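Notes for the one structure printed next.
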Amino acid sequence: MQEINLSVSGMTGIESSQRIERAITVLDGVERASVNLSEGMAKVSFRNPASAGSVIKAVRDEGYTTGNSKIRISVKKMRCASCVRTVEETLLNTPGVKSASINLATAIANVEYSPEIVNFLGLKLALEANGYDVELATDSSKSGQDAQASEQEIEYRTLMRKFWFAAIISIPVMVFSYPDFIPGLRDWMPMGSMNRRVIWGLLGLLALPVMLWSGSQFYSGMWSALKHRTANMHTLIASGITAAWLYSAVAVLFPQWFPEQALAEAFWDVATVVVALVVLGMALEVKAKGRTSEAIKK
């Protein structure tokens, strides 16, 4: 299903708007059409074989002039002002787009474009190429608001599950990563002992599910950015925790490679704690966005 809000000029009365509605509605594939005389806009929902071009032709065949279309797009995975700039630049660099404004709080992009040059699918592909999930924005009715709130609640709960998993794993990882500061562990895991190497090896295995599940969005976000030769917040976090894990793995498996025994330290806690804290921040951000959206709607 596609939807366009098409600017129509030349209407002189209610008969004009009804005439345009009839001309559009009879097109094969058009689900519904409504024309607002006071705003000079025609709102049309359609499927194949109808297209923006066929709708425009139908309006022009009735003797009216069409202008640009407007569309509201829901853009997911925007996390910061940098994401807003990226989305805005991507849209403005898409042929046919006249203007674009993005609201980070509601994750909505309002786009004015020429339907003869580009359509929703073209805008969607341009944004998805930069790692964002895109769909037509739900309407401003209560059902549309409820759907958006439900999606935000699901995302919040998912992120909180990931946070608690990472936080729980981080506790033993942090405790056993620094045995020299804990009297009982200091004697049981002296520097250079096999006990310390074995325990640290197990900590490395514990850190993996935190990185790959709790931090999965960082790797998918990094991959999306790398495919288009760009970098983002996900690139920074994913490369940082991976570097910490790989360094620790080398320190545990090949301590003889280090000039001094004290340098062969493991930093598994860096990976787990960073993931936990950033995911918590993301969850709180989603919650704050939901509250902001509710305040704006009221």
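Listing for the model above:
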item	result
Filter pass, E260 being free of Cβ contacts under 8 Å to residues at least 60 places away in the same chain, more than 16 Å from the chain's Cα centre (by Cα) and surrounded by 13 or more Cβ atoms within 10 Å (Cβ to Cβ)	no
Residue, farthest from L136 (Cα to Cα), within the range 32-72, restricted to residues that are among the charged types (D, E, K, R) and not in a loop (DSSP other than H, G, I, E, B)	D61
Scope the range 234-264; condition of a type outside the set (A, V, I, L, M) and either assigned by TED's automatic domain parsing to the domain that holds Y132 or in contact with a helix residue (DSSP H, G or I) (Cβ under 6 Å, 6 or more places away or on another chain) (or both); matching residues	H234, T235, W245, S248
Conditions (1) buried (at least 20 other Cβ atoms within 10 Å of the Cβ); (2) within 23 Å of L125 (Cα to Cα); number of the one not met by P49	(1)
Residues satisfying the stated conditions in the range 60-85, i.e. surrounded by 16 or more Cβ atoms within 10 Å (Cβ to Cβ), touching a residue at least 60 places away in the same chain (Cβ under 8 Å) and not small (G, A, S)	T66, N68, K70, I71, R72, I73, K77, R79, C83
Checking M191 against (1) touching a residue at least 12 places away in the same chain (Cβ under 8 Å); (2) assigned to a helix (DSSP H, G or I); (3) more than 27 Å from M160 (Cα to Cα), the condition it does not meet	(2)
Of all residues in the range 229-252 being within 16 Å of the chain's Cα centre (by Cα) and not in a helix (DSSP H, G or I), the one that is surrounded by the most Cβ atoms within 10 Å (Cβ to Cβ)	N232
Among (1) over 30 Å from E153 (Cα atoms); (2) among the hydrophobic types (A, V, I, L, M, F, W, C); (3) at pLDDT 85 or above, the one test that A262 misses	(3)
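Here's the yes/no breakdown for (1) crowded, with 17+ Cβ neighbours inside 10 Å; (2) more than 12 Å from I73 (Cβ to Cβ); (3) modelled with pLDDT under 90:
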position: L104; (1), (2), (3): yes, yes, yes
position: E116; (1), (2), (3): no, yes, yes
position: L121; (1), (2), (3): no, no, yes
position: N130; (1), (2), (3): yes, yes, yes
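The values are calculated or read from the model by the stated rules, or taken from the named source; none is laboratory data. Predicted, not measured: the structure shown is a model, and the values here were computed from it. Neighbour counts are summed over all protein chains in view; Cβ atoms, including those assigned to glycine, are modelled from backbone coordinates with ideal geometry.
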